[in-house]
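Asker: Next up is a structure, given as structure tokens.
The values are calculated or read from the model by the stated rules, or taken from the named source; none is laboratory data. Keep in mind that what you see is a predicted model, and the values were worked out from it rather than measured. Reconstructed Cβ throughout: ideal geometry from the backbone, glycine too, with neighbour counts over all protein chains shown.
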Amino acid sequence: MRDNLRLQPPGGDGWLAWLRHYRAAWLSGDLVAGLVTAIMIIPQSMAYAMLAGLPVQIGLYASLLPLIGYALFGTSMSMSVGPVAVTALMTVALLGPFATIGSAEYLQLAIWLALLSGVLLFVLGLLRMGFLANFLSHPVISGFISGASILILLSQFPHLLGLEQLPDSPAALREQWTPVNTLVLTMGLLALIWLLYARSRLSGHLQRLGFNPALAGVLARLAPILVVALGLVISLPADLAGRGVPVVGSLPAGLPALAWSTPDLPTLKLLLLPAALISLVSFVESVSIAQSLARRKRQSIDPDKELLALGAANVGSALTGGFAVCGGFSRSGVNIEAGANTPLAGVVSAAVIAFILVTLAPLFAALPLVVLAVVILVAVAPLIDVAGLRRTWRYDRREGATLVATAAGVIWLGIEAGIVLGVGLSIVTQLWRGSRPHIAVVGRVPGTQYFRNTRRHLVEIEPRLLAVRIDENIFFANTRAIERAILQALRDYPDTRDLLLILSAVNHIDSTGLDMLCELSQGLRDKGIAVHLAEVKGPVMDRLSDTDWIEELVSGVYPSTHIAFNTLGDNPGAALDQSAGRTA
């Protein structure tokens, strides 16, 4: 059995740790995975470059140094980085206002966007800012990717029909329709049917023919390369380009030769926000993929080092004239299923792509664009997270609404506005939840040391002791709600002489919350009601220990509700200046 790779924990032996611990037994798996993944990457990278509004060879250029850059710092042993649908769409959406799509200026801006994104990610990695991945919730990410995927699908329909753009009306479509469009649509539908079959059924059929599941899965994922090969076999002898079928066009042989053109300072400043957005989204997506792959192999990743690795990958893409890159789920899935053990598989993939660029690249010039459009359609359609929306909506409609609003914002308002809208709704939702805290009056379950909500369980209570459990942090948004709930509980139990606040669920009390507790405690003292605390967490007690509230207005602090009940139950109406019960 293959030994599992044991990764170093955060702060371990630094970059290229996997190489220093490399084992000969892993080499065959890395070589095979590198070759297989490279074959799969070729049509995808070309398709995503087309999606980004760039020449198709740019996608291949963006699949060279990024794989090596990630290998230097990455902590995922199976993730493959490169052009993906999301970064391609973000590139065209973010740069479209600054330059004509497809122009030389646009290409230079795409290179600089990747460079700025790479530098930003690398700096954040040095600052150990991996926690930034937590700022985009799952509904926001899912909504963003779903909205972006819908935009991608819509953008590919003209290619599927052999048109430069969709006509405004069915009548205009009929006027523009020619036999060439029928030929392109037929090719596209045949390719689409094959790829859909390969995605859903081919693996199972191959397994019934005797292939092992892993090999069958890899072969099914390599279906796009067969579509590309057949497209070339048909296009070259039939001279489809001469008949008016849109094709890739000239594709230079050889490795990229970068010609730098530095934009002026105002333009670079305008690129900072797009670079920040694409960095955040690509980092969150990559970390999610890396964590998913690591769980499959019982490994772990370091988000801070992932920032460094993605930064190096994007800088590498810029140095080869590519655009922004990140981890890709489908390419990583092929990588791990083909037997990748370490990032060396990515280095092998880069070498294979470089070889193809030097030798076979000009052949792809005759490839019909409809083939790449179909590859994009089949790769992107599953990213529309209908199942996730249904699941989220059933569990929490507010988060479901955030997902829908983010997707709608991306479609109708643009990528930047959609992300900002989603993040804003997430923050508002959290504040709204926090402003409506759950407050429970609790009593003792008979014969036990457990305490439960009086409205949910049959419990015992002390006649003059009111125990209130606060199930939320106490902060500016909920102080009045907590105060009202406590006062209402006191009205429901008018004989109360001791109020016990159970703070087991409270992790933080801000200054507004502290002021409210002081005013409440003072008012209750004036009415002859003593305030006590139970189950205060250590960090909370550390902050409260030197405050006037604890020193002057809290009569006792107890380590558990059980001890508080035993003490206060035996001594109803405890003295307001009692201090013997205090404990940290």
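Asker: Starting from residues that are β-branched (V, I, T) and over 19 Å from L89 (Cα atoms), keep the ones in segment 376-403 and report whichever is surrounded by the fewest Cβ atoms within 10 Å (Cβ to Cβ). Please lay out each step first, then the result.
Answerer: Residues of segment 376-403 that are β-branched (V, I, T), as a first pass: 376, 378, 380, 384, 386, 392, 402.
The next check asks that each one be over 19 Å from L89 (Cα atoms); those that pass are 386, 392, 402.
Numbers: V386: 9, T392: 22, T402: 26.
Step by step, filter segment 376-403, then rank; the result is V386.
Asker: Residues in segment 249-270: is at least one in contact with a strand residue (DSSP E or B) (Cβ under 8 Å, 6 or more places away or on another chain), hydroxyl-bearing (S, T, Y) and closer than 24 Å to I111 by Cα?
Answerer: The first filter runs over segment 249-270 and keeps only residues in contact with a strand residue (DSSP E or B) (Cβ under 8 Å, 6 or more places away or on another chain), leaving none.
Checked segment 249-270: no residue is in contact with a strand residue (DSSP E or B) (Cβ under 8 Å, 6 or more places away or on another chain), hydroxyl-bearing (S, T, Y) and closer than 24 Å to I111 by Cα.
Asker: Which members of segment 289-344 meet the condition of being over 29 Å from L54 (Cα atoms), surrounded by 23 or more Cβ atoms within 10 Å (Cβ to Cβ) and of a type in the set (D, E, K, R)?
Answerer: D302, K305
Asker: Something else now. Among (1) buried (at least 16 other Cβ atoms within 10 Å of the Cβ); (2) in a helix (DSSP H, G or I), there is one condition G443 misses while meeting the rest; what is its number?
Answerer: The single condition G443 does not satisfy is (2).
Asker: Also, quick follow-up: Please name all residue pairs, on different chains or six or more residues apart, with Cβ atoms under 9 Å, provided the first residue is in segment 439-460 and is under 16 Å from E535 (Cα atoms) and the second residue is part of a strand (DSSP E or B) and of a type in the set (F, W, Y).
Answerer: V442/F451; G443/F451; R444/F451
Asker: I would also like to ask the following. Within segment 326-336, is even one residue farther than 18 Å from I39 by Cα, at pLDDT 90 or above and not charged (D, E, K, R)?
Answerer: Of all residues in segment 326-336, those farther than 18 Å from I39 by Cα come to 326.
Applying the additional criterion that residues be at pLDDT 90 or above yields 326.
From the residues that got through so far, the ones that are not charged (D, E, K, R) too are 326.
Within segment 326-336, one or more residues are farther than 18 Å from I39 by Cα, at pLDDT 90 or above and not charged (D, E, K, R).
Asker: Does N478 count as touching a Ser or Thr at 6+ places or on another chain (Cβ under 8 Å) and either in the same structural domain as Y450 (by TED's automatic domain parsing) or in contact (Cβ under 8 Å) with a residue 60 or more places away in the chain (or both)?
Answerer: On the way: touching a Ser or Thr at 6+ places or on another chain (Cβ under 8 Å): yes; either in the same structural domain as Y450 (by TED's automatic domain parsing) or in contact (Cβ under 8 Å) with a residue 60 or more places away in the chain (or both): yes.
Yes: the conditions hold for N478.
Asker: In the list L173, L132, L160, which residue meets the criterion of being outside any loop (DSSP other than H, G, I, E, B), at pLDDT below 85, in contact with a Leu (Cβ under 7 Å, 6 or more places away or on another chain) and surrounded by 14 or more Cβ atoms within 10 Å (Cβ to Cβ)?
Answerer: Details: L173 fails: in contact with a Leu (Cβ under 7 Å, 6 or more places away or on another chain); L160 fails: at pLDDT below 85.
None of the others qualify; the one that does is L132.
Asker: All but one of (1) farther than 18 Å from R433 by Cβ; (2) in contact with a Phe, Trp or Tyr (Cβ under 8 Å, 6 or more places away or on another chain); (3) not in a loop (DSSP other than H, G, I, E, B) hold for R469, so report the exception by its number.
Answerer: R469 satisfies every listed condition except (1).
Asker: I've got another one for you. Looking at segment 252-267, which of its residues are under 26 Å from F98 (Cβ atoms) and of a type outside the set (S, T, Y)? Let's see the steps before the verdict.
Answerer: Taking segment 252-267 and keeping what is under 26 Å from F98 (Cβ atoms), we get 252, 256-267.
Of everything in segment 252-267, those that are under 26 Å from F98 (Cβ atoms) and of a type outside the set (S, T, Y) turn out to be P252, P256, A257, L258, A259, W260, P263, D264, L265, P266.
Asker: Related question: Looking at (1) closer than 29 Å to A114 by Cβ; (2) modelled with pLDDT of 90 or more; (3) out of contact with any Pro (no Cβ under 6 Å at 6 or more places or on another chain), which is the only condition G59 fails?
Answerer: Going through the list (1) closer than 29 Å to A114 by Cβ; (2) modelled with pLDDT of 90 or more; (3) out of contact with any Pro (no Cβ under 6 Å at 6 or more places or on another chain), G59 breaks only (3).
Asker: Of L113, L94, L107, which residue is closer than 23 Å to L258 by Cβ, touching a residue at least 60 places away in the same chain (Cβ under 8 Å), assigned to a helix (DSSP H, G or I) and in contact with a Ser or Thr (Cβ under 7 Å, 6 or more places away or on another chain)? Show your work before the answer.
Answerer: Numbers: L94 fails: in contact with a Ser or Thr (Cβ under 7 Å, 6 or more places away or on another chain); L107 fails: in contact with a Ser or Thr (Cβ under 7 Å, 6 or more places away or on another chain).
Exactly one residue qualifies, and that residue is L113.
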